[in-house]
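A.B. asks: Handing you a structure now.
Laboratory data are not the source of any read-out in this text; all were calculated from the coordinates shown. Bear in mind that the values here come from a model prediction, so they are computed numbers and not experimental data. No Cβ is skipped: glycine too gets one built from the backbone with ideal geometry, and neighbour counts run over all protein chains shown.
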Amino acid sequence: MTFKDLGLDKNYTKSLKEIGIKTPTEIQEQAIPILLSSNTDFVGLAQTGTGKTAAYGLPLLHKVDPKKSHVQALVLSPTRELVQQIKKQLFKFTKYNTNQTFVEPVYGGEKIDIQLKNLARTTHVIVATPGRLVDLMQRDAVDLSNIKTIVLDEADEMLSMGFKNDLTTILNAIKSKKNTWLFSATMSKDLKDIVKRYIADNAIRIEIDRNSIVNKNISHFFIETSIHQKASTIMQILDERAEERGIIFTRTKAGAQALKHQLQVEGFNVDALEGDMTQKDRDKVMRSFKNESLQFLISTDVSARGIDVNDVSFIIHHQLPEHLEYYTHRSGRTARGGKKGVSIALILPSEHSEVTKVEQALGIKMKQITV
């Protein structure tokens, strides 16, 4: 199956070929023909890293009429990083289009005056974090009356980050006849409530690999260690994977900074992302990690939302996460775009039962290894 077979315009297939996207993933193969040919609400469940942006982005762009100057589509996503990334992807997809489609990103952490100025220009698609969009709506700075398509991207993450009220405010405010497309890795109770309230009962639903909540290209391991030996165990893993890139997850901001200092003292090329950092510092770390001048990244769960970096070979859980869905999101930072990846959890001797819980809940097998 090729992208041409899915019904995409030749200008889009040309753009995809140029950026190295050659073969559709399963979610793209199933979603694109439906969204191109039908005016329907849609729910697509697929693991993190399986190409959901192109699955909704290409049909969305097909439905936009560049000759009309008003906003016709809205994409909501949980983090600044994801919004920026989606905007870049949509821009790349439209490279060979005859008429330009204007995509405007809006998110917190940037001066709102700049975004107000940008939105005053012709805008066809808005890509936004929910909180900033609500702020703009309260200022009457956006006209959403002609929206034909709304995409809720990484919907589970938006809810787990506390955006439920903002989402309902936005969805209640848009009265135009529209289609709502929801894409998510997991389906929580809160997300089921959103689906029930805002997605049509006859919506088309697709679930990719329903028996595997976690990407099947990830191999799962655990290492038994002690609290005092965790840092040295991580150093051994990094030494063994000296040619690879990886992310280490901690539960707390203090833990992320402490581990960063321990590893930097030992000469590892590592930096940290955590919630107390300024947006400027956060952007600097992310740029370094994306352009590969930074080899290893330490992050808290919330700070890692929306990290989409190619060629992350492995992730390490300094501790197993408090919530099971965090294991899915952490692990999903590796094995992106059909590649293989490794997830390694450090556990204490008393935590074997926690490993069993993760295995049973997520349908995976975690193999014990040593370093």
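A.B. asks: What number, in percent, do you get for the relative contact order of the chain if the mean sequence gap of Cα pairs under 8 Å and at least 6 apart is divided by its residue count?
C.D. replies: 19 percent
A.B. asks: Also, quick follow-up: Just flag the trypsin sites (Lys or Arg not before Pro) in segment 52-104 sitting in loop per DSSP whose Cβ has no more than 10 other Cβ atoms within 10 Å.
C.D. replies: Sparse-neighbourhood loop trypsin sites (Lys or Arg not before Pro): LYS67.
A.B. asks: Once each part is reduced to its C-alpha centroid, what is the distance from segment 300-324 to segment 4-50 in angstrom?
C.D. replies: Result: 26 Å between the Cα centres.
A.B. asks: Along the positive direction of the dipole of segment 10-207 (beta-carbon charges: Lys, Arg +1; Asp, Glu -1; about the Cα centre), which of PHE93, SER188, ASN11 reaches farthest?
C.D. replies: ASN11
A.B. asks: Now, a different point. Which residue, chosen from THR50, LEU76, ALA335, occupies the Cα position most advanced towards the positive end of the dipole of the chain, where the dipole is computed from +1 (Lys, Arg) and -1 (Asp, Glu) charges on Cβ about the Cα centre?
C.D. replies: The Cα lying farthest towards the positive end belongs to LEU76.
A.B. asks: Jot down the radius of gyration and Dmax of the chain, Cα atoms only, both in angstrom.
C.D. replies: For the chain, the Cα-based Rg and Dmax read 20.9, 64 Å.
A.B. asks: Under the rule a/c < 1.5 gives rounded, and otherwise a/b versus b/c splits prolate from oblate, where does segment 10-207 land using the Cα gyration tensor?
C.D. replies: Rounded shape, in that the Cα axes give a/c under 1.5.
A.B. asks: Looking at segment 19-81, what % of the alpha carbon pairs are farther apart than 15 Å?
C.D. replies: Beyond 15 Å sits 57 percent of the P(r) for segment 19-81.
A.B. asks: For LYS357, give me every one of the lysines with a C-alpha distance below 26 angstrom, ignoring sequence neighbours fewer than eight places off in its own chain.
C.D. replies: Of all the lysines, those that pass the test against LYS357 - Cα under 26 Å, at least 8 places apart if same chain - are LYS189, LYS192, LYS216, LYS230, LYS253, LYS340, LYS365, LYS367.
A.B. asks: Under a point-charge model restricted to the Cβ atoms of Lys and Arg (+1) and Asp and Glu (-1), what is the dipole moment magnitude of the chain relative to its Cα centre, in debye to the nearest 20?
C.D. replies: For the chain, the charge dipole is close to 1180 debye.
A.B. asks: Let me ask something else about it. Can you pull the Rg over Rh of segment 136-279, Cα-only, Kirkwood?
C.D. replies: On the Cα set of segment 136-279, Rg over Rh gives 1.10.
A.B. asks: Can I ask one more? Students often forget the sequence filter, so: which lysines lie under 21 Å Cα-Cα from LYS14 once same-chain residues fewer than 8 apart are removed?
C.D. replies: Hits, sequence-local ones excluded: LYS4, LYS22, LYS52, LYS63, LYS87, LYS88, LYS92, LYS95.
A.B. asks: Which residue, chosen from LEU171, ASN217, MET161, occupies the Cα position most advanced towards the positive end of the dipole of segment 74-230, where the dipole is computed from +1 (Lys, Arg) and -1 (Asp, Glu) charges on Cβ about the Cα centre?
C.D. replies: LEU171
A.B. asks: Hey, another quick one. Going through segment 127-184, which trypsin sites (Lys or Arg not before Pro) have at most 11 other Cβ atoms within 10 Å and a DSSP loop state?
C.D. replies: ARG139, LYS175, LYS177
A.B. asks: Looking at segment 184-282, which GluC sites (Glu not before Pro) are DSSP coil and have at most 10 other C-beta atoms within 10 Å of their C-beta?
C.D. replies: GLU243
A.B. asks: Only helical DSSP H runs with n ≥ 4 go in: add -39500 (n - 2.57) per run for the chain, normalise by residue count and round the 222 nm mean residue ellipticity to 500 deg cm²/dmol.
C.D. replies: Computed mean residue ellipticity for the chain: -11500 deg cm²/dmol.
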